[in-house]
Amino acid sequence: MSTRIINPANGQLAYSIELMDAAAIEAVLAQSQRAFAQWSAHSLQHRGQLLRQVGHELRERKHDIQRIMTTEMGKLRKEAIAEIEKCAGACDYYADHAAELLADKAIATDGSRSYVRYEPIGCVLAVMPWNFPLWQVFRFLAPALMAGNVALLKHASNVPHCADVIADVLREAGLPPGVLGVLHIDNDQAAEVIRDPRVAAVTLTGSERAGRSVAANAGQQLKKSVMELGGSDAFIVLEDADLDSTVTAAVASRFGNAGQTCIAAKRFIVVEAIADAFIERFVAAASRLRLGDPQDDATSLAPMARQDLRDELHRQVLASVEQGAVVLLGGQPDSSHAGYPATILDRVVPGMPAYEEELFGPVASLLRVAGEVEAVKVANDTRFGLGGSVWTRDAARGERIAGQLQVGAAFVNAIVRSDVRLPFGGAKQSGFGRELAEHGIHEFMNIKSVYVA
Ligand code: NDP
């Protein structure tokens with residue numbers, strides 16, 4: 001069966017691939033198993049040298065890779081280049097820091113020697129989404145490879161060319177075949193792969209629906225899984241916020257990547273005393289965003305990645321408006337293939353899709369609250385718990401509120417973003433497990449206690 005990828009900016013055919021049959025999947029699994037024996041036996045220094053070379057290849061080929069990303073899922077040229085550079089930076093970071101992150105950890109006991117040792121577990125299946133088609137993969141892959149594991153990539157079905165180009169970059173950098181095996185498979189085939197004894201664990205970034213299915217399959221096989229799922233991050237604007245920087249951040253966080261970011265600010269919880277001033281500036285700034293060709297640097301709002309995703313977002317907007325939300329900006333699909341304009345909904349209240357669900361596109365929900373206490377209550381009134389931010393001139397007050405948010409990442413006067421030095425992951429229905437940093441690199445390792453009497 002072949003899959004045809006449609007360029008979301010113009011509706012034209014961008015790429016097509018054949019799904020793999022059982023024999024092709026078997027060949028990838030067998031190669032992965034052979035690769036693990038070889039890769040895990042290399043020194044950290046050798047793995048680090050090759051990973052740095054991957055970073056170098058990414059930088060060398062960034063313009064070609066960018067065009068592939070933009071053609072497949074519509075990302076703005078500038079955003080794609082920044083994403084590729086972030087991946088290269090992650091390769092450098094884990095090459096530089098793996099020795100310290102993976103060093104044996106001495107623990108004082110009554111034995112003569114006791115310590116914790118970190119050992120690779122084998123082949124990890126990565127089920128990845130289309131929204132950051134390179135970064136989501138490298139966020140998992142760079143630490144996993146330094147840990148001595150190998151990976152299988154089942155990328156989202158609308159970004160197969162990105163999957164192929166990642167494998168090609170690793171090959172060009174000199175990594176042995178099979179260290180990353182790409183599987184062009186559907187979700188039923190992915191379930192079979194999870195059942196295969198050669199697969200040790202699974203990581204998934206994507207929707208709750210996908211997470212429930214993949215985590216259940218992994219659990220059935222008693223295999224470890226990490227789930228990075230959706231979010232509906234609060235962006236709390238207190239009455240003492242600096243409006244200039246807050247509005248700039250609000251626009252960047254909500255409308256960057258056409259709003260298709262798990263840690264984008266989605267619910268703007270604004271204290272009544274500053275609400276009208278904030279909203280007036282926010283609407284003015286968002287109205288200047290220009291939807292158009294993502295390859296053109298004059299465009300500041302990308303199309304969404306697929307027409308069906310745009311249609312689903314519009315359904316959520318219409319249902320919210322029917323229940324009383326007020327459209328301050330946008331709200332009508334563009335005539336282009338998958339474009340949706342910057343949209344701001346005011347008077348969002350419980351029960352509306354804009355309050356209860358993740359809006360995975362360029363739509364901001366405004367929620368007005370009386371003060372700090374209600375802001376925290378509303379921020380936590382969601383099944384999601386990925387990130388959240390607080391905007392105030394009083395950093396200590398911001399930090400105190402950050403401590404009350406039920407999320408995996410709380411930022412004060414800064415946009416929530418992933419950073420190779422900090423663990424990344426969610427609370428509540430946003431998932432479990434962590435990526436990045438010390439916590440992330442240890443997720444797919446055998447944490448072995450060694451005790452010598
Ligand atoms: P999905 O969650 O369906 O896709 C993410 C990945 O999971 C893809 O590789 C997909 O494969 C795979 N997948 C989906 N279902 C299964 C399954 N049953 N078994 C194995 N793999 C599976 O995202 P969509 O493209 O459908 O986007 C829909 C919504 O998901 C968005 O509106 C947003 O809310 C959320 N989302 C959140 C992301 C985040 O970063 N938190 C990222 C992407 C989406 P395939 O493409 O072949 O179906």
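A few remarks follow.
- Each residue in the range 380-409 was checked for being in contact with a Phe, Trp or Tyr (Cβ under 9 Å, 6 or more places away or on another chain) and of a type in the set (Gly, Ala, Ser), and 7 of them qualify.
- Residue among ALA142, ALA167, ALA90, ALA163 that is within 30 Å of ILE25 (Cα to Cα) and either within 15 Å of the ligand (Cβ to nearest atom) or free of Cβ contacts under 8 Å to residues at least 12 places away in the same chain (or both): ALA163
- So ALA191, is it within 14 Å of the ligand (Cβ to nearest atom), over 18 Å from the mean Cα position of the chain (by Cα) and in the same structural domain as LEU436 (by TED's automatic domain parsing): yes
- Residues located in the range 169-187, provided they are within 15 Å of MET128 (Cα to Cα) and in a helix (DSSP H, G or I): ASN187
- Residue within the range 124-146 that is surrounded by fewer than 16 Cβ atoms within 10 Å (Cβ to Cβ) and of a type outside the set (Val, Ile, Thr) present: no
The values are calculated or read from the model by the stated rules, or taken from the named source; none is laboratory data. Keep in mind that what you see is a predicted model, and the values were worked out from it rather than measured. Cβ atoms come from the backbone with ideal geometry, glycine included; neighbour counts cover every protein chain shown.
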